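Report on the structure given below.
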Amino acid sequence: MPYTVPKLTDFSTGALDSAARELLSALEQESAAVSSENDWKVYRDRWMARKNGILTQLNDLWLKAAPGPNKRDVGQRVNELRETVTTKVEQRRTMAEAFDLARKMNVVTGLDAGSTATPRGTLRSPGESKFGPKAWVGDVRKLLLESEGLDITLPGIRRPIGAEHPVIKTMNEIVGVFRNLGYSVEEGPEIETDYYNFEALNFPPDHPARDTQDTLFIAGQESKPLRDRLLLRTHTSPVQIRTMQKMRPPVRIVIPGRVHRNDPPDASHSPMFHQVEGLAVDTNITFGDLKGTLDHAMKALFGASVKTHFRPSFFPFTEPSAEMFVSCFICGGEGRLRDGQGCRTCKLTGWIEILGCGMVDPNVYGFVDYDPSKVSGFAFGMGADRIALLKYGVDDIQLFFNGDVRFLEQFI
Ligand code: PHE
C-alpha cells in the first residue's frame, strides 16, 4: 500500500513522532525505487507538488488541523519534515541521472531499484558499490566521461613551444654573419636539372668530377637530353648560376639549403644534409678578398682566436680552388687536450676542415653571360650540419634527423 498522509487527531509529541517516522520511512522507500529521471519526476511531484503533494497535505491535514496550543509544535515539526523531504528529493535527482547515464553506457545491468543487480561492466549497481551510492554516482560520471574521450579531471595538455632545429639555427647564424657584410640571401630548387647542378658549373658530361658527388637521379628520364634530366641537387652551387642569370654584377649572396647525395648514412654522413654557399662577383675581386672575408666569418662564428688555413684543392667551377681549415677550437690548435690526450675533434691535427672555396672559374661566366675579362669573384660552400656537430659537440649526424624529441629538446 502506498503511503498516505494520515489525518491527525492526537497532536502529542509521541503521536507526532510516530507519524513523522512513518512518513520518513515512506520517503526513504520511495526514494530507493527511483532509478531514472522519469521516476524521479513522479517522485518529486508526489512529495513536493504544490497542489496535493505530500508536503502540501501536511500543511492541510496536520498544521491547519492542529488546535491552537499545538500549532507551534506541529508547525516546527512540519518545517523540519519539509526540509528533510526537499533535501532528499534533490539528492535523489543526481542518483536518477546517474542511473540514466549508466543505462546509456550499458555498464550496469539490473538497474531497477530493489533488484540485486548483476554487474556486467566495470560498475556494480549502486547498492553493491563498495563505497556507497554517492561514490557510485561519481564512478558512473567518470566512466561516461571516459567513454566520451573526455576526462575533465586529467591535467591539461601542454603544447610545448617549438624551437629552432640546431642545424637551422647554425645556418641562420652563418647567414647572419654574411648579411652583416652586406650579402643578400638567395634560394633555389632542391630538385634540379643536370644543367644547373653540373653542366653550367663546368662539369662536362662524363667528366670524372661528377663521381665526387654521387647523385640521386629521378627515374624514367632516359628519353630526355642529359641537361634536362632531374636530380636531387648535390650542392647549393646551382643557385650561383641561377642568381647570375637573373642579376648583373656586383653580386654578393649567401645560399642556405638542403642537398642530397647517394651516401649511406653513418655517424658523419647523411643522404640529406645542408649547405651554406656564398658568391661574390664584382670588378677586381681577388683571392685576398676571399681569404679576408672567410677569415672574418670564421672568427665571427667560432670566436676571435681561431685561425684559418687554406690548402689547394679542386672544384670544376673554381680556379684556383682551396679547402679552408680553422684551427681546432676544442684543443686550441694543439692537437692535444690539456690532459695530454689526443683531440678527437681535429683528429690530432689541430685543424678542422670547414669548407670548399675558390675563385669563380672563367668558364662559368660563359654560361651566365658575364664578361670574364671585366669581372672576377669568389665562391665558397660549407656543410652546415658538420658545423652544427662541431659547435654543439654532437658525435652523430643521424641524431639531427631521426626526430627524437629528447635529443632536440636539449637545444631549446
Ligand atoms: N659545391 C661544393 C661542394 O659541395 C663546395 C664549393 C662551393 C666549392 C663553392 C667551391 C665553391 O662540395
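The values are calculated or read from the model by the stated rules, or taken from the named source; none is laboratory data. The model shown is predicted, which means the values in this text are computed figures rather than measured ones. No Cβ is skipped: glycine too gets one built from the backbone with ideal geometry, and neighbour counts run over all protein chains shown.
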Filter region 271-295 down to the residues that are in a loop (DSSP other than H, G, I, E, B) and within 16 Å of the ligand (Cβ to nearest atom), then identify the one that is surrounded by the most Cβ atoms within 10 Å (Cβ to Cβ). I285
Considering only residues that are of a type in the set (G, A, S) and more than 14 Å from the ligand (Cβ to nearest atom), which ones fall in region 235-269? A267, S268
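Can we say G356 is surrounded by 15 or more Cβ atoms within 10 Å (Cβ to Cβ), within 16 Å of the ligand (Cβ to nearest atom) and either among the polar types (S, T, N, Q) or in the same structural domain as R242 (by TED's automatic domain parsing) (or both)? Spell out the reasoning first.
Working: surrounded by 15 or more Cβ atoms within 10 Å (Cβ to Cβ): yes; within 16 Å of the ligand (Cβ to nearest atom): yes; either among the polar types (S, T, N, Q) or in the same structural domain as R242 (by TED's automatic domain parsing) (or both): yes.
It is true that G356 is surrounded by 15 or more Cβ atoms within 10 Å (Cβ to Cβ), within 16 Å of the ligand (Cβ to nearest atom) and either among the polar types (S, T, N, Q) or in the same structural domain as R242 (by TED's automatic domain parsing) (or both).
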Here is a list of conditions, (1) touching a Leu at 6+ places or on another chain (Cβ under 8 Å); (2) within 13 Å of the ligand (Cβ to nearest atom), and I387 meets all of them except one; can you say which number that is? (2)
Give all pairs with beta carbons closer than 6 Å in which a residue from region 359-382 that is touching a residue at least 60 places away in the same chain (Cβ under 8 Å) and assigned to a strand (DSSP E or B) meets a residue that is near the ligand (Cβ under 9 Å from one of its atoms) and of a type in the set (F, W, Y); count only pairs at least 6 apart in sequence or on separate chains. M359/F378
Confirm whether V175 is among the β-branched types (V, I, T), in contact with a helix residue (DSSP H, G or I) (Cβ under 9 Å, 6 or more places away or on another chain), modelled with pLDDT of 95 or more and assigned by TED's automatic domain parsing to the domain that holds V276. no
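Every residue, every condition in (1) over 43 Å from the mean Cα position of the chain (by Cα); (2) of a type in the set (A, V, I, L, M, F, W, C); (3) part of a loop (DSSP other than H, G, I, E, B), yes or no:
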site: A297; (1), (2), (3): no, yes, no
site: A300; (1), (2), (3): no, yes, no
site: S305; (1), (2), (3): no, no, yes
site: P312; (1), (2), (3): yes, no, no
site: E319; (1), (2), (3): yes, no, no
site: M324; (1), (2), (3): no, yes, no
site: C331; (1), (2), (3): no, yes, yes
site: R338; (1), (2), (3): no, no, yes
So, in region 359-379, how many residues would count as being under 13 Å from V281 (Cβ atoms) and touching a strand residue (DSSP E or B) at 6+ places or on another chain (Cβ under 9 Å)? 13
